[in-house]
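The values are calculated or read from the model by the stated rules, or taken from the named source; none is laboratory data. Everything numeric here is computed off the predicted structure, so don't read it as measured data. All Cβ positions, even for glycine, are placed from backbone atoms using ideal geometry, and neighbour counts span all protein chains on display.
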Amino acid sequence: MSLNRSEWDDLFESFPAWLCPTCQMGRLRVKAPVPVCETGPSIAAKDDPNWQPDWVIKRFACFAECNDGDCKEVVAISGNVVRPDVYNDKYGFVPGGDYYKIASIVPAPLPFMLGEEVPSDVTAAVKAASTLIWADSEAAANKIRIAVEHFLNERKVPKSTINKKRKRQSLSLHTRIEKYKAKNKDLANHLMALKWIGNNGSHTAALKRKDVLDGFQILHHIIDEAYYKTRIKLTELSKDIIKRKGRPKVRRKLKPLSRTSRKRSV
């Protein structure tokens, strides 16, 4: 399943049918109508003679349910209702229609499927990033960095070494990724990209949601290559089809047992 970035937009006119984070089979359907409330301070502000429509502050909270009959997971969604400005030829920029700006989804939709093949520590880090992306892109990026560390742990990449003073010294994530290059250069390069995204999440406040989505997309490729091996399986399938020149596989017919063989089997 490829990453559908539109499901992680900043604003929604209506909610997408996210993949259920629990069963990873059904789709989440928001129960209508979505309750919306204007805040007390927002209502009081209307008494101000200088009041403007863009002073209005509204909140929403709703539930979405998995449409898989065997799951029926319930997800809680909340956030703000905003009115982004739109351009009008006569009046210039004016407030537009209402949009939902999500602040929290519990449990949060996943950017891609996480099967049993994926180590639990990696899965936990991806789930944490999926929860944080709605409110804090930097924190979400940092969880992706943690997923990289867990991946290297599972791949048995050393976390420390003995230095010249014969003392144990921790290895940086950068160094560990460099060591992993000896095993898989391609995946190591992807891991390095995630490290930089994670570093920016830890040390700067400039990361945007699209940067985290870039990280999800790269991490999805790494997980697919390391655990699902889709590319390898497709390569083997293609080779088999070429070898057969597209002809259907012929199942070998079992030879009937001879009388002697029948007696032995009895």
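So, K195, is that one in a helix (DSSP H, G or I), outside the structural domain of S78 (by TED's automatic domain parsing), under 16 Å from the mean Cα position of the chain (by Cα) and closer than 26 Å to E7 by Cβ or not? So K195 does not fit the description; no.
Among the residues of region 44-68, those that are of a type outside the set (D, E), more than 24 Å from F12 (Cα to Cα) and part of a helix (DSSP H, G or I) comprise A44, A45, K46. For region 2-54, filtering for residues that are farther than 18 Å from N80 by Cβ, of a type in the set (A, V, I, L, M, F, W, C) and within 16 Å of the chain's Cα centre (by Cα) leaves 8. Could you tell me whether any residue of region 217-230 is at pLDDT below 75, surrounded by 10 or more Cβ atoms within 10 Å (Cβ to Cβ), assigned to a helix (DSSP H, G or I) and of a type outside the set (F, W, Y)? Yes, the conditions are met somewhere in region 217-230.
Of all residues in region 147-185, count the ones that are among the acidic types (D, E) and within 18 Å of V122 (Cβ to Cβ).
Start the filter on region 147-185 by keeping residues that are among the acidic types (D, E), which leaves 149, 154, 178.
Now drop any that are not within 18 Å of V122 (Cβ to Cβ), which leaves 149, 154.
Qualifying residue count for the region: 2.
Scanning region 31-66 for residues that are small (G, A, S), surrounded by 13 or more Cβ atoms within 10 Å (Cβ to Cβ) and over 30 Å from P21 (Cβ atoms) yields S42, A45. Name the pairs whose Cβ atoms lie under 7 Å apart, with the first residue in region 214-228 and assigned by TED's automatic domain parsing to the domain that holds L152 and in contact (Cβ under 8 Å) with a residue 12 or more places away in the chain, the second surrounded by fewer than 20 Cβ atoms within 10 Å (Cβ to Cβ) and of a type in the set (D, E), and 6 or more positions between them or separate chains? Here the result reads Y227/E117; Y228/E117, each pair linking region 214-228 to a residue that is surrounded by fewer than 20 Cβ atoms within 10 Å (Cβ to Cβ) and of a type in the set (D, E).
Within region 203-216, identify whether any single residue is touching a Lys or Arg at 6+ places or on another chain (Cβ under 8 Å) and farther than 18 Å from T123 by Cα, and answer yes or no. The answer is yes; a qualifying residue exists.
Checked against (1) more than 19 Å from P119 (Cβ to Cβ); (2) surrounded by fewer than 12 Cβ atoms within 10 Å (Cβ to Cβ); (3) at pLDDT 95 or above, K156 passes all but a single condition, namely (1).
Considering only residues that are part of a loop (DSSP other than H, G, I, E, B) and modelled with pLDDT of 95 or more, look in region 70-103 and name the one that is farthest from the chain's Cα centre (by Cα). If we take residues in region 70-103 being part of a loop (DSSP other than H, G, I, E, B) and modelled with pLDDT of 95 or more, then D70 is farthest from the chain's Cα centre (by Cα). A single entry from T175, T161 fulfils the requirement of being surrounded by 11 or more Cβ atoms within 10 Å (Cβ to Cβ), assigned by TED's automatic domain parsing to the domain that holds A141 and part of a helix (DSSP H, G or I): T175.
Among the residues of region 17-43, write down those that are in contact with a helix residue (DSSP H, G or I) (Cβ under 9 Å, 6 or more places away or on another chain) and assigned to a strand (DSSP E or B).
Going through region 17-43, the residues in contact with a helix residue (DSSP H, G or I) (Cβ under 9 Å, 6 or more places away or on another chain) turn out to be 17-19, 21, 42.
Scanning region 17-43 gives a single hit, L19.
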